[in-house]
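Chemist: Here it is, the structure in full.
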Amino acid sequence: MNWLSHKLFYTIGITLLCGGLHAQSLAEAKKLYNEGKYAEAKPAFEKLVKQAPGNSSYNHWYGVCCYETGDLAGAEKHLQVAVKRKVQEAYNYMSKIYYETYRFDQAAEMLEDYIDLLAKKKQDPQAFEARLDLANNAQRMMEKVEDVQIIDSLVVDKEDFLSAYILSEESGTLETYKDFFQTNEPVGSTVYKNQKGDKIYYAHPTDGDRYCLFTQSMLMDEWGDEKQLPMNINSNDDDNYPFVLPDGATIYYASKGNGSIGGYDLFVTRYNINSDTYLAPEQLGMPFNSPYNDYMMVFDEVKGLGWFVSDRFQPEGKACVYLFIPNPEHKRVESEDIDLKRARAAITSIQESWKEGSDYAELIRLSHTEIPYGEEKIEKDFEFIIGNDIVYYKLDDIKSPEAKGYYEKVVALNKQIKELNGKLDGLRASYAQGNKARKDQLKPTILEAEEQLNSLMDQPGELEKKARNAEIKYLTNKR
């Protein structure tokens, strides 16, 4: 056998050996992938993608491994290759990436394409149609993101998030379930006790390990008379982390049901004295809610501050506690820039929510201050921030006649919005409890009220901006 034959056999042998190793590597990687061991399968698929960058299957498998191990950017890059080559499951994962990065419109488009592919193969699309509804709902929420000033944030261990809440005595107290009830039971909940100390609200697992909301009253010298809150509050999923305003009627809590857009969402309901029932829960908007877990909404009316927790964009086991200035009129972000609204909804930077020239140092200090019951607080009709440490609380504080005229309209509009929201609460409660004829009667009235509310929502913000500019101009000219 001459040297040419030897070389040919050697080349063929090496090729077959490499092919065998390649097949073994692929087979092992697919086995790990199918077992859900994505971190272990990921290096092998990464190597395969480098060898064949255009291979749709390799890009799909590697993209899924990236997604499942928290690398959304890597996942998007490789799943896009698979989507271009019509790999069915790549559409599913791409919709998840778009959803978790607040590109809800693109998530909806990807889900529509995926549902079409399922229909062609006679596969059940029901679960994905529900996800499509969530994506469309989340997009609507993002377009109406509230203009909330988030003035501070603190990343903590999830189990220790209550350490960031320091309430004035008038606002009641918060403890973990384990500490309050002195138990070692693995119950992940909190207990809110009102200022009078005669009522508590909390959650614990029921049948099927589903968390439900409960309340107890102080009877003589001990807690008793445990009652589960009504089913229109407790959903078919976990409900947890209750907080009650000093009015004793308004309850904020977190739920994985009631149309949550991801994990726990924040909701509010109110006790209706006339009917002895709670109103249908109302889902809070963005930035409070997100595709992740959002919970423990608390307001301190003495301090004029609020807190909530979210694990959005946080490592496993961590959560972020946000400190904010409540926005009772629910003013929206005034911009047509969808990227700006996306950033504000996701809270990519708390500084983006700050008013120009504002200094929040004193409010942040106040958030860490214990205030005994009965201590005098600032009388506020509203909170109108001008900038450079100038904040007005009453109409008489405003110096410019032009600015005062604008802000009188702001006050009147906010009052009208508040009254309209109250009217809608009552109408929705009647609708939920009514028969078909009553619902048909109420539906156009509710739609008309909602349309009227939407037409009013942007007006106070526009007028407030004019008032601020007029006041700044007046103060500048007076110097």
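Chemist: Of the numbered conditions (1) farther than 23 Å from Ile273 by Cα; (2) among the polar types (S, T, N, Q); (3) surrounded by 14 or more Cβ atoms within 10 Å (Cβ to Cβ), Thr476 fails exactly one; give the number of that condition.
Modeler: Answer for Thr476: the failing condition is (3).
Chemist: Can you name the number of the only condition in (1) of a type outside the set (Val, Ile, Thr); (2) closer than 21 Å to Ala343 by Cα; (3) at pLDDT below 95 that Ala119 fails?
Modeler: Against the list (1) of a type outside the set (Val, Ile, Thr); (2) closer than 21 Å to Ala343 by Cα; (3) at pLDDT below 95, Ala119 comes up short only on (2).
Chemist: Output the residues belonging to segment 342-369 that are part of a loop (DSSP other than H, G, I, E, B) and modelled with pLDDT of 90 or more.
Modeler: Across segment 342-369, the qualifying residues are Ile347, Thr348, Ser349, Trp354, Tyr360, His368, Thr369.
Chemist: How many of the residues making up segment 100-141 are closer than 19 Å to Ile347 by Cα and in contact with a helix residue (DSSP H, G or I) (Cβ under 8 Å, 6 or more places away or on another chain)?
Modeler: Summing the residues that are closer than 19 Å to Ile347 by Cα and in contact with a helix residue (DSSP H, G or I) (Cβ under 8 Å, 6 or more places away or on another chain) in segment 100-141 gives 10.
Chemist: I'd like to know if segment 324-341 contains one or more residues that are part of a loop (DSSP other than H, G, I, E, B), open to solvent by 50 Å² or more (accessible area, probe 1.4 Å), over 30 Å from Glu419 (Cα atoms) and in contact (Cβ under 8 Å) with a residue 12 or more places away in the chain.
Modeler: So far as segment 324-341 goes, no, none of its residues is part of a loop (DSSP other than H, G, I, E, B), open to solvent by 50 Å² or more (accessible area, probe 1.4 Å), over 30 Å from Glu419 (Cα atoms) and in contact (Cβ under 8 Å) with a residue 12 or more places away in the chain.
Chemist: Would you be able to say whether some residue in segment 427-438 is among the charged types (D, E, K, R), exposed (fewer than 15 other Cβ atoms within 10 Å of the Cβ) and not assigned by the TED database to the domain that holds Asn272?
Modeler: Within segment 427-438, one or more residues are among the charged types (D, E, K, R), exposed (fewer than 15 other Cβ atoms within 10 Å of the Cβ) and not assigned by the TED database to the domain that holds Asn272.
Chemist: At least 2 residues that are open to solvent by 40 Å² or more (accessible area, probe 1.4 Å), free of Cβ contacts under 8 Å to residues at least 60 places away in the same chain and assigned by the TED database to the domain that holds Arg332 in each: list the strands (runs of 3 or more DSSP E) lying fully within segment 205-307 that qualify.
Modeler: Ranges flagged: 211-219, 222-228.
Chemist: I've got another one for you. Yes or no: segment 179-186 includes at least one residue that is at pLDDT 95 or above, in a strand (DSSP E or B) and surrounded by fewer than 18 Cβ atoms within 10 Å (Cβ to Cβ).
Modeler: no
Chemist: Report whether or not Gly74 is in the same structural domain as Ala90 (by the TED database), out of contact with any helix residue (DSSP H, G or I) (no Cβ under 9 Å at 6 or more places or on another chain) and either of a type in the set (Gly, Ala, Ser) or open to solvent by less than 40 Å² (accessible area, probe 1.4 Å) (or both).
Modeler: It is false that Gly74 is in the same structural domain as Ala90 (by the TED database), out of contact with any helix residue (DSSP H, G or I) (no Cβ under 9 Å at 6 or more places or on another chain) and either of a type in the set (Gly, Ala, Ser) or open to solvent by less than 40 Å² (accessible area, probe 1.4 Å) (or both).
Chemist: Please tell me if Pro315 is under 21 Å from Pro230 (Cα atoms), within 17 Å of the chain's Cα centre (by Cα) and open to solvent by 30 Å² or more (accessible area, probe 1.4 Å).
Modeler: Judged against the criteria, Pro315 is not a match.
Chemist: Are there any pairs with C-beta distances below 9 angstrom linking a residue in segment 149-175 that is on the phi > 0 side of the Ramachandran plot to a residue that is of a type outside the set (Gly, Ala, Ser) and open to solvent by 50 Å² or more (accessible area, probe 1.4 Å), with the two at least 6 apart or on different chains, and if so which?
Modeler: Hits for this filter: Gly172/Lys193; Gly172/Gln195; Gly172/Lys196; Gly172/Pro246.
The values are calculated or read from the model by the stated rules, or taken from the named source; none is laboratory data. Given the structure is predicted, the values throughout are model-derived calculations rather than measurements. So basically every Cβ, Gly included, is an ideal-geometry build from the backbone, and we count neighbours across all protein chains shown. When the accessible area is computed, the model is the full protein with side chains, heavy atoms only, and any ligands, DNA or RNA have been set aside. Shrake-Rupley method; radii C 1.70, N 1.55, O 1.52, S 1.80 Å.
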